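The values are calculated or read from the model by the stated rules, or taken from the named source; none is laboratory data. Just so we're clear, the structure is a prediction, and the values are computed from it rather than from any experiment. Note that we place each Cβ from the backbone using ideal geometry, even for glycine, and neighbour counts take in every protein chain shown.
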Amino acid sequence: MLELDNIYANYGSVKALKGVSLNVKQNSIVALLGANGAGKSSILKTITNLLRPHSGSITFLGERIDRLKPEKTVRKGIVMVPEGRQVFPELTVYENLLIGSYARKDRAQVKKDFKFVYELFPILHEKMKDPAGTLSGGQMQMLAIGRGLMSKPTLLLLDEPSLGLAPIMVQEIFRIIEEINSRGTTILLVEQNANMALSISDYAYVLETGIISNEGSAAELQNNDEVRQSYLGG
Amino acid sequence: MLMLGQTIFNGIVIGSLYALVALGLVIVFKSTNRINFAYGQMAMFSTFIGYTLLAKFHLPFMLAFIGALVFSALLAVLVRNILRPAKSESSVIVATLALYMIFTAVAGIIWGWDPVSFPQVFTGEPFSVFGIIMRPNDLFNILLTVILMLMLFLFFKFNLNGIAMRALSQNLVTTSLMGASVNKLFTITWAISGILGGVAGILVAPTSFLDTNLMAVFLLKAFTAAVLGGFTSYPGVVIGGLSLGVMEGLVSSYISTDLMDTFAFVLLIIVLLIRPEGILGKRIRMLGKTSSTEESGEFDSSRPGMSMRKKLAFLIVSIALPFVFQGNTYILYFAVLTGIYMILAIGLDFLVGYTGKISLGHAALLAIGAYSSVILTSKVGFPFWLALLSAGIITGLVGLLLGFAALRLSGLYLAIVTLGLGTAVPQILLKWDEVTNGYTGLHAAIPSIGFFIIDTEFEMYFLVLAIVIVTIIVTNNILRSKIGRAFVALRDSEAGAEAMGVQLAKYQILAFVISAFFAGIAGSLYAHVVGFISPADFSIWNSLLFISMLFIGGVASIPGAMLGAAFMTMVPIFFAGSKSISAILFGGALLIIILFFPSGLAGFYKVGLNIGKRLFSRNSIGLKGPAEEEGTNVATRNK
Ligand SMILES: Nc1ncnc2c1ncn2[C@@H]1O[C@H](COP(=O)(O)OP(=O)(O)O)[C@@H](O)[C@H]1O
Ligand SMILES: [Mg+2]
């Protein structure tokens, strides 16, 4: 479904990605693991073209997308839930969700999707009229994911959704990710919480300073000594 | 009681217009972090378009009104695109000032400088409600304003683009991730702003006369309304506008009509000093809370001083000049003026070049110097040299106050405050006529030092030359001393300077004092050389000219400041004093320089040199590409 081929990308003189290739199959959950600063977010940014790769190609459903502006990739069905939630603090919860549907034409379906998101996250329905800035961290993360769903993604890019959340909330978020996936949305999941991520994913890549150092099915990586030592706490 | 009701009603009528203009400013500010100082002139321009449609094409009022608004929206979108290359806050301020000049001049050329009268929409008889006299036109103003505000409210609350515009002002990158075209949203933002300005212009015009200055004072009122309302809160701004209108009315009915226009300025200062976030504004989104990295070091230019050879050449040429043109008093007179403006420019440069703060009030400082000197010589009996020095000191004290104010304010607020000062001082001079002789102005004594009376252009030339040289020597010494190094450090990076232990506050205030001192000296010389001063000599327009002269010459460089002063005096001579053509020239040059050659003519030469080199060596020397998007880049792109 999504294919990155030998992607290089820089921030000015900082080389963030040094020849990354990866593949995401339809309906799967693919995890992208790696330490802080490895370049995980940068990969997601090149997919949505917030960061333009200076060489390599990105193909989505057979179509080159590496020159599309960020707002255009959304219309192709690729939706990114950025790191650190990034909700609009001065908009209400409802408005945050609504703006997720900005690029859509099927307004009748949007109404149904509101229902779906509210079912998935009842707390958002409860706090519909509150400014997003007043939510707790976990609620904001739910809102960010909900807002992403309102864009009707075929591929959802999640950047560290569990970061800074209480363990119980992490469980909840991962359960919901699985549920979203089971309804037919493909997921590329960036995580530092490798154990959790591997437990729900089909395939995973390990990134080290801009290079893919390991890849395999979740089970393979869980049994890989090197990966266990570095990312799974021994 | 009745009078109070009437005052409040009138205040609301005018206050609703303040609110409209303020809303137009704030809408753009919220999503782009830019303040458009040309906004009032744009409104004036589209009002003139409406006037032409009415008076020349005899369109019905509604059609002319809509035509003017369409024009206004398009003009605003054009301005937005013109401003795109401007990166920093200060360069946006300067670029919109350049547009201010250009729009004024073009309007002057097309419609002339004389006021015309603009028809009222409803000419019906006034009627009385509970004893309050209302004209149909007043009600139309209020109604239209209320409708517009309601529409805006609904747009921002329920329209997807409206919500996206609010989102945009909170987080640009994430908004683009929602599938919203940032470019389109900015265009809508500016178009709405243009429409609000256009409506205000057409509603204001019938209340006075329509001329190129229609909205100049209005802009200051709108700023005050916006600041009063916290600058970023729409309801706050509306309340700010209405309450300013009412308060002005109260001041004018119960205290003094003369104080009405300066009241806005006084209020602006008080609010800024006491509660800069306004009535309803939030502290977190306070105006001008910008990253200091982009703030400083932007007006980088050549070395501040002059080489020995240049100094010698300057000295020889300037001493030889009066002998060459001894018989030509016309040329000598302008050479004297050039010298005076050089002193002012060097002073202004201290501020702009080394602290990166823009002053729109230097004409007011010049006025303070000029009036102090004239009053001290003629009413107190000071000898000329003492009055000259005192003028410098008095103006320096005003600079001290401004400096203290500036400490608390960001560059944007400071620009607004100095705009206020620049607008208020000529008005105070007009109104305070026991001392200033108001509109008629004052005659200045012929300067004399001891028994030596300086009454020919030839003698004045040497007087001014001597002071210019002293100014240069003093400046050079300041810049070479420890203070000067601190200034340079300050210019290159505020954070860096702080790390070096430079006490920012002290040096910023000092820059204001020095800058104002020189402005005062220049003002005194101006008064005694020209022999006559009146408030019209010190309008905000002159401050704009000073800013352009500085940037055209090159910022943070003494020769640059001098070059600019020469340019500023010479150009109007070549164009036979045509205000329009020289203004277009100044404005145009300023715009091009600030957008493409931020280091002034000096930088311009450098770029020219680079292009030359490139032509000859085919080694490409990359010029910086145009900006991606206002303020923040949507995306970090790599080569
Ligand atoms: N906006 C930026 N400007 C400059 N360098 C950046 C920027 N964002 C990330 N980097 C650098 O790129 C590298 C990869 O960062 P990132 O993709 O955010 O890593 P991760 O998401 O895996 O923590 C790091 O070295 C980081 O310092
Ligand atoms: Mg990251």
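Evaluation of A:Gly146 against the conditions (1) within 14 Å of chain B (Cβ to nearest Cβ); (2) out of contact with any strand residue (DSSP E or B) (no Cβ under 8 Å at 6 or more places or on another chain); (3) more than 30 Å from A:Gly39 (Cβ to Cβ); (4) buried (at least 18 other Cβ atoms within 10 Å of the Cβ) shows that the sole unmet condition is (3).
Would you check if A:Gly37 is surrounded by fewer than 22 Cβ atoms within 10 Å (Cβ to Cβ), more than 13 Å from ligand 2 (Cβ to nearest atom) and over 12 Å from the mean Cα position of the chain (by Cα)? For A:Gly37, the condition - surrounded by fewer than 22 Cβ atoms within 10 Å (Cβ to Cβ), more than 13 Å from ligand 2 (Cβ to nearest atom) and over 12 Å from the mean Cα position of the chain (by Cα) - is not met. Restricting attention to the stretch A:75-101, the residues that are of a type in the set (Lys, Arg) and either facing another protein chain (nearest Cβ under 9 Å) or not in a loop (DSSP other than H, G, I, E, B) (or both) add up to 2. Screening the stretch A:143-197 for residues that are hydroxyl-bearing (Ser, Thr, Tyr) and out of contact with any Asp or Glu (no Cβ under 8 Å at 6 or more places or on another chain) and picking the one that is farthest from ligand 1 (Cβ to nearest atom) gives A:Ser182.
Residues that are within 20 Å of the chain's Cα centre (by Cα): list the helices (runs of 4 or more DSSP H) wholly contained in the stretch B:348-464 that include at least 1 such residues. Per the criteria, B:362-375, B:384-408, B:411-431.
Do we find that B:Phe596 is more than 24 Å from B:Ser373 (Cα to Cα), outside the structural domain of B:Thr377 (by TED's automatic domain parsing) and modelled with pLDDT under 75 in this structure? No, not satisfied. Applying the condition of being in a loop (DSSP other than H, G, I, E, B) and of a type in the set (Val, Ile, Thr) to the stretch A:47-74 and asking which residue is farthest from the other protein chains (Cβ to nearest Cβ) yields A:Ile65. Considering the stretch B:74-125, and only residues there that are part of a loop (DSSP other than H, G, I, E, B) and acidic (Asp, Glu), the residue that is surrounded by the fewest Cβ atoms within 10 Å (Cβ to Cβ) turns out to be B:Glu125. Pull up the stretch B:156-181, narrow it to residues that are more than 7 Å from chain A (Cβ to nearest Cβ) and without any contact (Cβ under 8 Å) to a residue 12 or more places away in the chain, then point me to the one that is surrounded by the most Cβ atoms within 10 Å (Cβ to Cβ). Only one residue fits best here, namely B:Thr175. Answer yes or no: is there a residue in the stretch A:142-151 that is in a loop (DSSP other than H, G, I, E, B) and over 15 Å from the mean Cα position of the chain (by Cα). Checking the stretch A:142-151: not a single residue is in a loop (DSSP other than H, G, I, E, B) and over 15 Å from the mean Cα position of the chain (by Cα). The single condition among (1) of a type outside the set (Ser, Thr, Tyr); (2) more than 14 Å from every other protein chain (Cβ to nearest Cβ); (3) surrounded by 18 or more Cβ atoms within 10 Å (Cβ to Cβ) that A:His125 does not satisfy is (3). Can A:Ser182 be described as under 28 Å from A:Glu119 (Cβ atoms) and free of Cβ contacts under 8 Å to residues at least 12 places away in the same chain? For A:Ser182, the condition - under 28 Å from A:Glu119 (Cβ atoms) and free of Cβ contacts under 8 Å to residues at least 12 places away in the same chain - is met.
For A:Gly19, the criteria (1) more than 14 Å from chain B (Cβ to nearest Cβ); (2) within 16 Å of ligand 1 (Cβ to nearest atom); (3) on the phi < 0 side of the Ramachandran plot; (4) in a strand (DSSP E or B) hold in every case but one, which is (3).
Taking the stretch A:23-42 as the range and being away from chain B (no Cβ under 14 Å) and within 14 Å of ligand 1 (Cβ to nearest atom) as the test, the residues that pass are A:Ala31, A:Leu32, A:Leu33, A:Gly34, A:Ala35, A:Asn36, A:Gly37, A:Ala38, A:Lys40.
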